[in-house]
Amino acid sequence: MSLPAGTHILPDPQAVARAAAERLIAACGENHSERIAICLSGGSTPKVLYGLLAGPDWAGRVPWERIHWFFGDDRVVPWDDPRSNVRMVREAFGHGSRIAPTHLHFIPSDAGAEIGARAYERTLLDFYGADGLAPDRPLFDLVLLGLGEDGHTASLFPGKPAVDEARRLVAPVPEAGLAPFVPRITLTVPALASARHVLFLVTGAGKRAPLARLAAGEDLPAGRVTGAGAVAWLLDAAAAG
Ligand code: 6PG
């Protein structure tokens, strides 16, 4: 199969995380302003990266005081629920994280998917400083994404209306396409694609099938995130097959 353009195959999940950390540092280095915007992915794959960034080898290279961290999606559960991406990110960065609380922009989950989606869109636009996104001024410096076994990314599941959302930046997802089957709130394709760099992290043999489908040209949500900036895929050998 021919993998998506911008694909890099690395030996294992640790190597994927190290390569992602290098790219994150490089993306920060390209932005000389006071604020850098990074969109985090949920799921389990990026935990290694988050732990690495906060650890002794990397923490000194991360410009923590300038980075604002956003979320690509979350599950509509309390933030301390084991299914919450807020909880995952907090635990993965660890208690020694140098992220200022005001720089961590969680998706609100306490008032339901619709209200949470509207509130988070406001958060994004307030940060961006306009009422809509301009094609020549991306919202994010870097968007991290994962790939689900059904081809979803963030909480954009195949066949669900959020995938086709062209106007809103954040959409409610009343029914998830895969476990955990709780409502989700997700950034939409226009928001995720408003990035200087998009980076997919994909590890494990379970990802071979969706990668093969993408390579065959199937229209899956993950394949829709093609922004103005560069899209790169970091795969481990097990995922690449
Ligand atoms: C989530 C995600 C989701 C994830 C993929 C891959 O919150 O579930 O953002 O899109 O990235 O499902 O998940 P894994 O990394 O756990 O395989």
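For the range 187-241, report the accessible area per residue in Å² (1.4 Å probe, heavy atoms, rounded to an integer). The partial results should precede the final answer.
Working: 1820 Å² over 55 residues.
Per-residue accessible area for the range 187-241 comes out at 33 Å².
Going from the alpha-carbon gyration tensor of the chain, what semi-axes, largest first and in whole Å, does one get by taking the root of 5 times each eigenvalue?
So the three semi-axes of the chain are 23, 22, 18 Å.
For the range 81-94, in order, what is each residue's ³J(HN,Hα) by Karplus, 6.51 cos²θ - 1.76 cosθ + 1.60 with θ = phi - 60°, in whole Hz (x at glycine and Pro)?
Running phi through 6.51 cos²θ - 1.76 cosθ + 1.60 with θ = phi - 60° gives 5, x, 8, 6, 6, 4, 4, 4, 5, 4, 5, 5, 6, x Hz.
Over the range 12-230, what is the relative contact order in percent, taking alpha-carbon pairs closer than 8 angstrom and at least six residues apart?
On the way: 400 pairs, mean separation 47.9, N = 219.
This gives 22 percent for the range 12-230.
Ignoring everything except DSSP H segments at least 4 long, calculate the 222 nm mean residue ellipticity for the chain; use -39,500 (n - 2.57) per segment, divide by total residues, nearest 500.
Taken over the chain, the calculation gives -8500 deg cm²/dmol.
With a ≥ b ≥ c the root eigenvalues of the C-alpha gyration tensor of the range 96-199, is it rounded (a/c under 1.5), prolate (a/b larger than b/c) or oblate?
rounded
Taking every DSSP beta bridge with both residues inside the chain, roughly what % is antiparallel (nearest 5)?
Given both bridge residues lie in the chain, the antiparallel proportion sits at roughly 30 percent.
Would you work out what percent of the accessible area of the chain, with all protein chains in place, is carbon or sulfur (probe 1.4 Å)?
Solvent-exposed carbon and sulfur of the chain make up 54 percent of the total.
Counting only C-alpha contacts under 8 Å and six or more residues apart, can you give the relative contact order of the range 1-103 as a whole percent?
Details: 97 pairs, mean separation 28.2, N = 103.
RCO, the range 1-103: 27 percent.
The values are calculated or read from the model by the stated rules, or taken from the named source; none is laboratory data. Computed from a predicted model, the values in this text were never measured in an experiment. Remember, those area values only see protein heavy atoms, side chains included, never the ligands or the DNA or RNA. Shrake-Rupley method; radii C 1.70, N 1.55, O 1.52, S 1.80 Å.
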